[in-house]
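Participant: Got a structure for you, questions after.
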Amino acid sequence: MANYKNLIEKMINLYIISNGIHDSAVIDAIRSIPRHSFVEESFSELSYTDAPLPIGHKQTISGIYTAALMTSVLELNKNHKVLEIGTGSGYQTAILANLASEVYTIERIRELSLKSRTILDNLDFKNITFIIGDGSIGFKEYAPYDRIIVTACLSEIPKSLIDQLKDGGIIVMPVEIDYKQNIFVIKKNNDKIEKKIIASANFVKLIGKSGFAA
Ligand code: SAH
């Protein structure tokens, strides 16, 4: 797609900056990633709007505002080891990998994991580890993490994720309570846990132990 750089600038202005997100590191990361590469060709132009689009297997790529918001609250830097639960298209993974040191991303649907890996390899990302499996209880093998992001909706805040977070770490995740989804930010300091709701959300459900039945 020839004119995608202009579409990215428009998207940044319309859906990110005008909605109050001014984090320049996050905006630069978004500017550097061709979002249309993560969707079917027929959705290329639409990928630069705020619509959540289908990526197959009844899953969706998150809207750009939500992706920017969730990334900005993580306050990422180049020393951070990040766990992402719900690779999906791999677009959010690309933003994380641009801002952090290492990203471990877990996806339960094999075809989606493989597809996202091909796209991210083609874009030359070298700091991403792809895991196929149930991430609803995190991923102990590489723990602890500086940051954890969940991009499918949980039914509770899993204790295992808090256990896998380093002291001083941050988790961002959508949780459904009474049929309403909210994005929670959780901070761990000296083993004290602070929870805050930052927005409502509309994610696909996480399937698994701290999520929903398949
Ligand atoms: N951030 C992604 C959004 C993916 S949608 C993007 O922008 O493309 C959520 C993804 O979570 C789906 O691909 C779904 O298959 C995956 N998922 C659901 N339950 C999961 C689980 N228990 N472990 C890992 N991935 C899961």
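Participant: Tell me the mean residue ellipticity at 222 nm calculated for the chain from its helices only (DSSP H runs of n ≥ 4, each -39500 (n - 2.57), averaged over every residue, nearest 500).
Facilitator: Values: 6 runs with 53 residues, N = 214.
Value at 222 nm, helices only, nearest 500: -7000 deg cm²/dmol.
Participant: Could I ask something else about it? Convex hull volume of the Cα atoms in the range 39-182, per residue, in Å³?
Facilitator: Working: hull volume 15.9 nm³, N = 144.
In the range 39-182, the Cα hull volume divided by residue count equals 110 Å³.
Participant: Restricting to Cα pairs below 8 Å that are 6+ residues apart, what does the relative contact order work out to for the chain? Please round to a whole percent. Write down the numbers at each step before the final one.
Facilitator: Details: 426 pairs, mean separation 31.9, N = 214.
Taking the mean separation of contacting Cα pairs over the length of the chain, I get 15 percent.
Participant: How about the range 1-106: which GluC sites (Glu not before Pro) there lie in a loop by DSSP and see at most 15 other Cβ atoms within 10 Å? Could you put the intermediate results ahead of the total?
Facilitator: Values: sites: GLU9, GLU40, GLU41, GLU45, GLU75, GLU84, GLU102; in loops: GLU40, GLU45, GLU75.
Those that pass, being in a loop and sparsely packed, are GLU40, GLU45, GLU75.
Participant: Suppose R0 equals 35 Å; then what is the FRET efficiency for ILE198 and ALA2 from their Cβ-Cβ distance, rounded to the nearest 0.05? Each step should come with its number before you reach the end.
Facilitator: On the way: r = 36 Å, r/R0 = 1.04.
That gives a FRET efficiency of 0.45.
Participant: A 20 angstrom limit on the alpha carbon distance is what I want to check against. Which of LYS81/LYS126; LYS10/LYS205; LYS115/LYS140; LYS166/LYS196; LYS140/LYS195; LYS140/LYS188 exceed it? Don't skip to the answer; put the middle values down first.
Facilitator: Working: LYS81/LYS126 14 Å; LYS10/LYS205 30 Å; LYS115/LYS140 24 Å; LYS166/LYS196 18 Å; LYS140/LYS195 22 Å; LYS140/LYS188 18 Å.
Over 20 Å Cα-Cα: LYS10/LYS205; LYS115/LYS140; LYS140/LYS195.
Participant: Moving to a separate point now. For a Förster distance of 35 Å, can you work out the FRET efficiency between the beta-carbons of GLU41 and ALA213, rounded to the nearest 0.05? If you can, show how the numbers build up before the last one.
Facilitator: Values: r = 34 Å, r/R0 = 0.97.
Calculated value: 0.55.
Taken together, the values in this text are just the output of simple stated rules run on the coordinates, not laboratory data. From a predicted model like this one, the values you see are computed outputs, not experimental measurements. As a convention, Cβ positions derive from the backbone with ideal geometry for all residues, glycine included, and neighbour counts pool all protein chains shown.
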